[in-house]
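The values are calculated or read from the model by the stated rules, or taken from the named source; none is laboratory data. Note that the structure is a prediction, hence the values are computed from the model and not measured. Cβ atoms come from the backbone with ideal geometry, glycine included; neighbour counts cover every protein chain shown. Heads up: the accessible areas ignore ligands, DNA and RNA and are worked out on the full protein's heavy atoms, side chains in. Shrake-Rupley method; radii C 1.70, N 1.55, O 1.52, S 1.80 Å.
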Number of protein chains: 2
Amino acid sequence: MNTLSYGLLALLAQESCTGYELMLKIQPVWQAKHSQIYPILAKMERSGLVQFVSVAQKEKPDKKVYSITEKGTSALQAWLPDLSAEPVKRDEMLLKMYCLWLADAATTERLFRERLKLYAKRMEKFRASLAELEGAEQGSGKPLGVRTPSFGKYVLLKRAIDHARMEIDWCEWVLGMLKSGIDSSGA
Amino acid sequence: MNTLSYGLLALLAQESCTGYELMLKIQPVWQAKHSQIYPILAKMERSGLVQFVSVAQKEKPDKKVYSITEKGTSALQAWLPDLSAEPVKRDEMLLKMYCLWLADAATTERLFRERLKLYAKRMEKFRASLAELEGAEQGSGKPLGVRTPSFGKYVLLKRAIDHARMEIDWCEWVLGMLKSGIDSSGA
DNA sequence: TGTACCATGTAAAAAGTTACATGATTGA
DNA sequence: TCAATCATGTAACTTTTTACATGGTACA
């Protein structure tokens, strides 16, 4: 049981999913490919943490809908209070900062514009998700309970938006510095 | 040549370092252990991207001070304009959000307090680094040129502070929600 | 006395990515 | 027609982590 395994279990505690759905859902928090997910699910099934039912589909491949077992829920509850590992980040763009001074002005600007675009796109997606979640919330009547499965989605979405905002602001701040001629020895 | 190799090269373009120093310097942007750094340096030395001089030390182990070669600088300049890979993050705490509703109120609060503490500590460190960098800057007379090696450090530090600020605000926001009795079915 | 820092390296294991494999549908 | 989405799996490879190895100094 590694961290990713617990992550999948956490998603299954919210609702039953296929491996494919889990792969899509876990992306914002933990990047993993299907080739990593499927073997983990098989392994957790063998150890009784999850179970599945095969569902035949018309005009689509069959799927396995996984759900968490009692044993799986216990495992999750044991993992939750553990001290969380420090976040790991690997960001190629940030490595480039160390040798930015070797690049010409046009390249530097393009690098930041590309990153700006990336986070602007993500911001749009997040805002749409938030609107959707808030819509569903109004429909249900309840104002969002801390002890409900959707609370996690909500705080994660808030954080994703705050993060994208920060990244966008940072890019614009640097872009501003590049233009405002703090250094004009460009190209 | 993988991304980490270019990162080490980028640091060496700023100033000559030992493997140990590179390992410490690269942490904020790309977590890597010494066991990964040393073999890469040896490999880059064999392919002529870096070179080193052995320096004997009194009362400390000998060290190898690496510096970038012309070939290494060319390689860096070829890498810089490439489209940067999307940042990768893996954050155990965020995975826990999906099953927060399975935890009792005290555990939930402790989880966020631990994270708050982590980023508060980092914030202190970053602020100290910024003060140091601004002090050195005043000493040199120049206001910080975009085309100088310290510009990278500066924008990275600004970003690190913005990021820590965001993490702290998020934790406090969630902690506020937990207290203000949006849900009081605790413990 | 135990931990942390400096300093380098190798070996083994775990985690993650890319590629191979299959196959139908839908939209650009 | 090409790419994307749904859907599952394995094999090969790369990257990263953990553990093994050594050894002195300095600070609680």
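Listed here are the residues, each with its yes/no results for (1) within 21 Å of the chain's Cα centre (by Cα); (2) of a type in the set (Lys, Arg).
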position	(1), (2)
B:Arg122	yes, yes
B:Glu137	no, no
B:Pro149	yes, no
B:Lys153	yes, yes
B:Ala164	yes, no
B:Trp170	yes, no
B:Val174	no, no
B:Leu178	no, no
- Message: Being within 9 Å of DNA strand C (Cβ to nearest atom), among the small types (Gly, Ala, Ser) and exposed (fewer than 13 other Cβ atoms within 10 Å of the Cβ) is the requirement here; does B:Ala106 meet it?
- Response: no
- Query: In the stretch A:120-168, what residues are outside any helix (DSSP H, G or I) and either more than 23 Å from B:Leu95 (Cβ to Cβ) or assigned by TED's automatic domain parsing to the domain that holds A:Val29 (or both)?
  - Reply: A:Gly141, A:Lys142, A:Pro143
- Query: Which one of A:Glu21, A:Glu15 is closer than 26 Å to A:Leu157 by Cα, of a type in the set (Asp, Glu) and within 12 Å of chain B (Cβ to nearest Cβ)?
  - Reply: A:Glu15
- Test: A:Met44 is modelled with pLDDT of 95 or more, over 21 Å from the mean Cα position of the chain (by Cα) and within 15 Å of DNA strand C (Cβ to nearest atom): yes
- Message: Here is a check on your reading of the model: is B:Met23 within 16 Å of the chain's Cα centre (by Cα), outside the structural domain of B:Ala160 (by TED's automatic domain parsing) and modelled with pLDDT of 95 or more?
- Response: yes
- Take the residues of the stretch A:87-106 that are within 7 Å of chain B (Cβ to nearest Cβ) and in a loop (DSSP other than H, G, I, E, B): which is nearest to the chain's Cα centre (by Cα)? A:Pro87
- Task: Confirm whether A:Val55 is within 15 Å of DNA strand C (Cβ to nearest atom), within 13 Å of another protein chain (Cβ to nearest Cβ) and out of contact with any His (no Cβ under 9 Å at 6 or more places or on another chain).
- Result: no
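Hey, among the residues in the stretch B:12-38 that are in contact with a strand residue (DSSP E or B) (Cβ under 8 Å, 6 or more places away or on another chain) and touching a residue at least 60 places away in the same chain (Cβ under 8 Å), which one's nearest to DNA strand D (Cβ to nearest atom)?
Ranking the qualifying residues of the stretch B:12-38, first place goes to B:Val29.
Got at least one residue in the stretch A:90-100 being open to solvent by less than 60 Å² (accessible area, probe 1.4 Å) and closer than 22 Å to A:Tyr6 by Cα?
Taking every residue of the stretch A:90-100 in turn, none turns out to be open to solvent by less than 60 Å² (accessible area, probe 1.4 Å) and closer than 22 Å to A:Tyr6 by Cα.
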- Residue list for the stretch A:50-77, restricted to those being out of contact with any Phe, Trp or Tyr (no Cβ under 8 Å at 6 or more places or on another chain) and either within 10 Å of DNA strand D (Cβ to nearest atom) or closer than 13 Å to A:Gly7 by Cα (or both): A:Ser54, A:Val55, A:Gln57, A:Glu59, A:Lys60, A:Pro61, A:Asp62, A:Ile68, A:Gly72, A:Thr73, A:Gln77
- Could you tell me which numbered condition A:Ile168 fails, if it satisfies all but one of (1) closer than 30 Å to B:Asp104 by Cβ; (2) open to solvent by less than 40 Å² (accessible area, probe 1.4 Å); (3) more than 7 Å from chain B (Cβ to nearest Cβ)? (1)
- Query: If a residue has to be facing chain B (nearest Cβ under 7 Å), surrounded by 11 or more Cβ atoms within 10 Å (Cβ to Cβ) and within 19 Å of B:Leu178 (Cβ to Cβ) to count, how many in the stretch A:114-157 make the cut?
  - Reply: 10
- Message: Give all pairs with beta carbons closer than 8 Å in which a residue from the stretch B:143-155 that is more than 14 Å from A:Thr108 (Cα to Cα) meets a residue that is of a type in the set (S, T, N, Q); count only pairs at least 6 apart in sequence or on separate chains.
- Response: B:Leu144/B:Ser150
